[in-house]
Amino acid sequence: RAELTAALEEVVQLDPLPLLTMRTIIQTMVNWPDAATAVMGLLRTLLEREVWATKLWGGYVRCCSMAMPLSRELFYAMPPAQLEAALASHPDVKQKLVAHARAERGAVPTAALGVLGL
């Protein structure tokens, strides 16, 4: 697992990103749930690299959805337009984020609160 996550750390730095990047990350989460912390780091890197502007965006959102509640901060870190699009395709995630935002409003960025309708 350590070798796989180390390799993925290198892959997420490649330009352009390989098309199978998200599939590999999703399979890592499915097969090795204990790698979730490392996967969150990979997803943060991809978000910083504006993954929404690539063909990987759908897989990225799916992976974040699968990783809830660990990925909550990644959703909150998305630009408002991307968060809105992600939540439109994953209404179950929106419900979970709304519940969290109501419970811990101070921990949620203002822009995300707006998208969540709070």
Expressed as a whole number of Å, what is the distance separating the alpha-carbon centroids of the range 64-90 and the range 10-25?
19
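For the ranges 9-17, 86-94, 63-71, what's the packing order if you count other beta-carbon atoms within 10 Å of each residue, average per peptide, and put the highest first? Can you show the working numbers first?
On the way: 9-17: 11.8, 86-94: 16.1, 63-71: 18.3.
Result, highest mean Cβ count within 10 Å first: 63-71, 86-94, 9-17.
Of all the accessible heavy-atom surface of the chain, with the other protein chains kept in place and a 1.4 Å probe, what percent is carbon and sulfur?
On the way: 3510 of 6450 Å².
The nonpolar share, carbon plus sulfur, comes to 54 percent.
Roughly how many Å² is the accessible area per residue of the chain, as a whole number, for a 1.4 Å probe? The partial results should precede the final answer.
Values: 6450 Å² over 118 residues.
Accessible area per residue, the chain: 55 Å².
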If the only charges are +1 at each Lys and Arg Cβ and -1 at each Asp and Glu Cβ, what is the size of the charge dipole of the chain around the Cα centre, to the nearest 20 debye?
400
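The values are calculated or read from the model by the stated rules, or taken from the named source; none is laboratory data. Values in this document were obtained by computation on a predicted structure and should not be read as measured data. Cβ coordinates were reconstructed from backbone atoms using ideal geometry, including for glycine residues, and neighbour counts include every protein chain displayed. Side chains included, ligands, DNA and RNA excluded: accessible areas come from the protein's heavy atoms. Shrake-Rupley method; radii C 1.70, N 1.55, O 1.52, S 1.80 Å.
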